[in-house]
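Please treat every number below as a calculation from the coordinates, not as lab data. Source: prediction; values computed, not measured. Quick reminder, even Gly has a Cβ in these numbers, built from the backbone with ideal geometry, and neighbours come from all protein chains shown.
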Amino acid sequence: MRPATAEAPANIALIKYWGARDLDSALPANPSISMTLSSCLSRCTCEPLDGAEDRVEFRGADGRLAPADEAFAARVRRHLDRLRARTGAGVRCRIRTENTFPAGAGMASSASGFCALALAFGAAVEGRPTPPRELSIRARLSGSGSATRSALGGYVEWPGDEGDADCPARALFDAEHWDLRDVVAVVQTEPKSVSSLDGHRRAATSPYFERRLAELPARLDAVREALAARDFAALAPTVEEEAIDLHLIALSSRPPVFYWKPSTLAVLERVRRLRDEGVDAAATMDAGANVHVLCTAASEEAVAAALVRVEGVSRVLRDRVGAGPRLVEDEVA
Ligand code: DP6
């Protein structure tokens, strides 16, 4: 056994995972579809140890690699315990992890972080790359459902149904199929007030949750078809409707969860006007206030130029569809 390092990307959901049938195992209430990103990455080195305890280090906003805070370290250890149980490898590990997205940019890192951890762990203790289906299963063992989708590149569906107890994600189309871009308008840099975990927990208390589940099959079909046909005009309204539906469920949960800031609405309004001006742009938000604006390559400049000028937008990040996780040589040091 020797140290191994992996990089894994974040992803942005076009159809969201929101609500679970088993939250501890991250088994979702509904299928979701995402686009794997390219530049927003986590990198993780897993080094097998002789000792009796796992060690977890994280590179913080100050750029220094230091022991992780207890809440994060506990989550990593729990994931390692589940990876050990699945692989039969008893070894303890030193984990060093960092994100390539700018610190304080309000980007979620659990999907990329736990997917990178699963890939690095497999390479370190089994001495080989974990195939995508198995990596997807192992990433989900972290409890981060969205990590399930980060195991694959391009456009990914996580069916999440009861037909397959392992519940992996599957590839819909690879990254070369359609060069979509994601321009992120950052309006919030501090952590969100209510975790995704609590949001999932409360989702079924919304009186609209059953209505959402009933509408999703048609919405999933619409997204699959728009992706297959590379039809941005068909994709845009469905993606926006879905993002607003997630926030409607959050708002009407008991107790309610309110993620938006005033600038979230300002960005949504600007995106709508961009579309009226003939620019391909579609907004989506995860469990937070930042707005991911999906667009075609031809529209990216116009979208980015418009979003930096919206009041309350502190910065704009640019990303695009990407090829998925990989093992790399450079250790986190
Ligand atoms: C709104 O349980 O995967 O992003 O572990 O915090 O990343 P984290 O959350 P997770 O829920 C993701 C919720 C979502 C929608 C989505 O990505 O499908």
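Out of W158, V271, G127, whose Cα points farthest toward the positive end of the dipole of the chain (charges: +1 Lys, Arg; -1 Asp, Glu; placed on Cβ)?
G127
Would you please report the Å³ per residue occupied by the convex hull of the alpha carbon atoms in the stretch 219-333?
Hull volume over Cα atoms, normalised by residue count, gives 173 Å³.
Report, in deg cm²/dmol and to the nearest 500, the calculated mean residue ellipticity at 222 nm for the chain, where each DSSP H run with n ≥ 4 adds -39500 (n - 2.57) and the sum is divided by the residue count.
The helix contribution divided over the chain gives -11500 deg cm²/dmol.
What shape does the stretch 111-227 take by its C-alpha gyration tensor, where a ≥ b ≥ c are the square roots of the eigenvalues and a/c under 1.5 counts as rounded, a/b above b/c as prolate, and the rest as oblate?
Judged from the Cα gyration tensor, the stretch 111-227 comes out rounded (a/c under 1.5).
Mind listing the long-range amide H neighbours of C93? Cut-off is under 5 Å, sequence gap 5 or more, other chains count too, H placed in the peptide plane at 1.01 Å from N.
Result for C93 returns L49, D54, R55.
Hydropathy at least 0.5 by Kyte-Doolittle, axial extent at least 18 angstrom from the Cα trace: which helices of the chain, defined as entire DSSP H runs, fit?
Length and hydropathy pass: 110-126, 232-251.
Counting other beta carbons within 10 Å of each residue's own, what order do T264, T97 fall into, fewest first?
T264, T97
Rounded to the nearest 5, what is the percent of antiparallel bridges among the DSSP beta bridges in the stretch 1-139?
Within the stretch 1-139, antiparallel bridges account for around 85 percent of the total.
Could you pull out every residue, at least 5 positions away or on a different chain, whose amide H is within less than 5 Å of the one on G312? Hs are placed 1.01 Å off N in the peptide plane, and Pro or chain starts have none.
Sorted by chain and number, the residues that satisfy this come to none at all.
How would you rank D179, D62, D245, going from fewest to most other Cβ atoms within 10 Å of each one's own Cβ?
D62, D179, D245
Taking just the alpha-carbon atoms of the chain, what radius of gyration and Dmax come out, in angstrom?
When restricted to Cα atoms, the chain yields Rg and Dmax of 19.1, 62 Å.
Among F72, A214, L83, which residue has its Cα furthest toward the positive end of the charge dipole of the chain, with +1 on Lys/Arg Cβ and -1 on Asp/Glu Cβ?
F72
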